[in-house]
Structures are given as C-alpha cells and as structure tokens.
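Please treat every number below as a calculation from the coordinates, not as lab data. Owing to the predicted nature of the structure, the values given are computational and were not obtained by experimental measurement. Ideal geometry is used to build each Cβ from the backbone, glycine not excepted, and the neighbour counts take in all protein chains shown.
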Amino acid sequence: MSKNSGTFVFFHVGADITFPTKMVQSLKAVMPDAEVIMCTDDATPKVEGVDDYKYSNGNYEQIMYWRTRAFAEARLTRPAMYIDTDMLFILPVNPAQILGDKEIVFCRRSFDRDVGFNGEQRGGVFKKYHNIPLGTLYPYLGCATITSNYHAWKCMTILMGFMDQNLRSWYGDQEALKVYSHMLYTHLVGEMEESDYACLPERATGGHVPRILHYKGPARKEAFLHA
C-alpha cells in the first residue's frame, strides 16, 4: 500500500547502482515516508532505501522497451510517479495530488523546444528526424511520468512493440508518450513542466527552486555524483 507521500517507481539494471542510490537518498531525505519501487532483474544489486522490487527480464540492447514493459509488468493499480535515476529531489512531490482526476500526467519539455533534433547522432539512424524542433518531435520527456495505474504502460509497451530496434533502444519511450497522448481524451491528460519536475541544474536560476533536478547527459551525470 502506498504511503503518505505517494509511490515512486524507477527502472535500473546493471552492477553499478551509484545513480539510483543517490536518487533514492535524495527522495527519502525530503519524503521519508514515500514508497519507492525498483523495477530490475535478478542480477542487479539491491538499492538502499527501496521498499519493494518488481523483477523483469529483457534485452539490454532494447533498454527503453524493457523499461516501459517493466513498468507495465509491475502492475500497480494506484497513482505513482515513474522516474529516471539521474534525478535529484529538492522538494517534496505528491504524485496523487498532481494527477488529480487525470489518467496520466506527462512531463512537458520546457527547454530548447525550438532546437532541431540531431538526426546525425548514433550513426545517422535517426536522420529522418533531423532538425525537427524538439518541442514538436518529442514534446514529452520520459524521465518523469505520473499514471493512475499500469494500463498506460501496457498501452505504450504495445506501441513500442511496433517500433524498430533503434527506437526501442533510444527515444522510443518519448515516441510512445507522444503517440499515447493523442490516443486519450483531452480531459484525461495533464502536464507538469520540466522546469519544475526535471529541471536541468544550470536552468535552476533566478530564485526558481525546482522540485526535481535532472542530470541528463555525460557532463551533468559527472556533476550529479558530486551534487
């Protein structure tokens, strides 16, 4: 059963648990009574502070697909926030309050919405998306999503099952979020801003204090270890 501050779910596989350990420490520091669930496999070490584990098997070469499917297989029937491991909690977050009467709340991209997508990365496998504005191509980020139950993840797993291997390895989660957002009735969909719930550390300026910082990218991940 979820606790007072709500339920938070993350996916991590692999021997190095540095990032999830630090993320969970920050979460428990501001919300000691929060419930933290880790989706993982049998080979991954346990993470201190995690309250429950949901085990899944998958393909490391299709990690985004595995993560989405693991969230579905967790089969949670209560509101929960599904988060990345390179996140640092600064202020309390209540997933059920944010969700309200919605079925799902997406994390809307706040920064660089007009910047063109780099389709030349990863050997050019995404070249058909080159220079499409990020706000158009991927308006929602996969690092923080709140759902009322597991059915959204089940639907997005099905969507990703039709994608090619490149998308199942990279960006497929954002593709699924975008497509799924168009499948729902508008009144069932909510948004939370990246600037509040997944803020890049260098964008937390001008007295604005985000609830969660997001250390995505190699340089920021190095800074995350010393934050």
(message) I want to check the label-to-label distance for HIS130 and ASN118. Put each point 7 Å from Cα in the C-beta direction and report it in nm to one decimal.
(response) 1.4
(message) Once R0 is set to 22 Å, what does the formula 1/(1 + (r/R0)^6) return for the Cβ-Cβ distance between ALA29 and ASP52, expressed as a FRET efficiency to the nearest 0.05?
(response) 0.70
(message) Please report the net charge: other residues with Cβ closer than 13 Å to the Cβ of GLU193, K and R +1, D and E -1.
(response) +2
(request) Identify which of ASP173, ASP33, ASP164 has the largest mean-square fluctuation in a Gaussian network model of the chain, with springs joining Cα atoms closer than 10 Å. (result) ASP164
(request) Two decimals is fine: what is log10 I(q)/I(0) at q = 0.11, 0.12 Å⁻¹ for the chain, from a Debye sum with one equal scatterer on every Cα and no solvent? (result) -0.52, -0.63
(message) Helix-only estimate, please: 222 nm mean residue ellipticity of the chain, summing -39500 (n - 2.57) across DSSP H runs of length 4 or more and dividing by its residues, to the nearest 500.
(response) -8500 deg cm²/dmol
(request) Express in nm, to one decimal, how much length is gained between GLU222 and PHE111 on full extension, taking 0.36 nm for each residue of separation and deducting their alpha carbon distance. (result) 37.9 nm
(request) Obtain the nm distance between the two label points defined at TYR60 and MET183 by a simple spin-label model: each point lies 7 Å from its Cα along the Cα-to-C-beta direction. (result) 3.0
(request) Past 24 Å, Cα to Cα, is the threshold; run LYS54/LYS154; LYS46/LYS221; LYS102/LYS216; LYS22/LYS216; LYS46/LYS178 against it and keep the listed order. (result) LYS102/LYS216; LYS46/LYS178
(message) Which residue fluctuates most in the GNM of the chain (Cα springs below 10 Å): ILE104, ILE132, ILE83?
(response) ILE132
